[in-house]
Amino acid sequence: MNKYKKGYTFECQVRDDYEAAGWKVIRSSGSKGAVDLACFKEGAVLQIQCKNSKKATKPSKEEMNKIDEWVKVSGYPIMIIYKAPKTRSRSRMKSKVKSEKSTKL
């Protein structure tokens, strides 16, 4: 899967999560700007920038300038959401916990 497709997939996952929580969400297609998703609920507004990288890295100076400019124009803060790194499967984690418990007895 290429970088664009991974980013698109993550944005759609975040969008779906907010919609499931009752928010109305607009996705900015092919976004190269400061905001990927705009979420609205009962007078509240969330602006979201989705980051799909292995590590939670600080936005570049250029990205921060875009974000700062957009915040000034819109009047709303921007939340940056990072995709969580992959973790062990639950079954492997459970078996590790079981083995640790049995060694302590």
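Of everything listed in (1) at pLDDT 90 or above; (2) out of contact with any Ser or Thr (no Cβ under 9 Å at 6 or more places or on another chain); (3) within 25 Å of K6 (Cβ to Cβ), the single unmet condition for K72 is (3).
No other residue among A34, A38 is crowded, with 17+ Cβ neighbours inside 10 Å, of a type in the set (A, V, I, L, M, F, W, C) and in contact with a Phe, Trp or Tyr (Cβ under 6 Å, 6 or more places away or on another chain) apart from A34. Exactly one residue out of G22, G33 is on the phi > 0 side of the Ramachandran plot, out of contact with any Leu (no Cβ under 8 Å at 6 or more places or on another chain) and outside any helix (DSSP H, G or I), and it is G22.
The values are calculated or read from the model by the stated rules, or taken from the named source; none is laboratory data. What you see is a predicted model, and the numbers here were worked out from it, not measured in a lab. Here the Cβ is made from the backbone with ideal geometry for all residues, glycine too, and neighbour counts use every protein chain on show.
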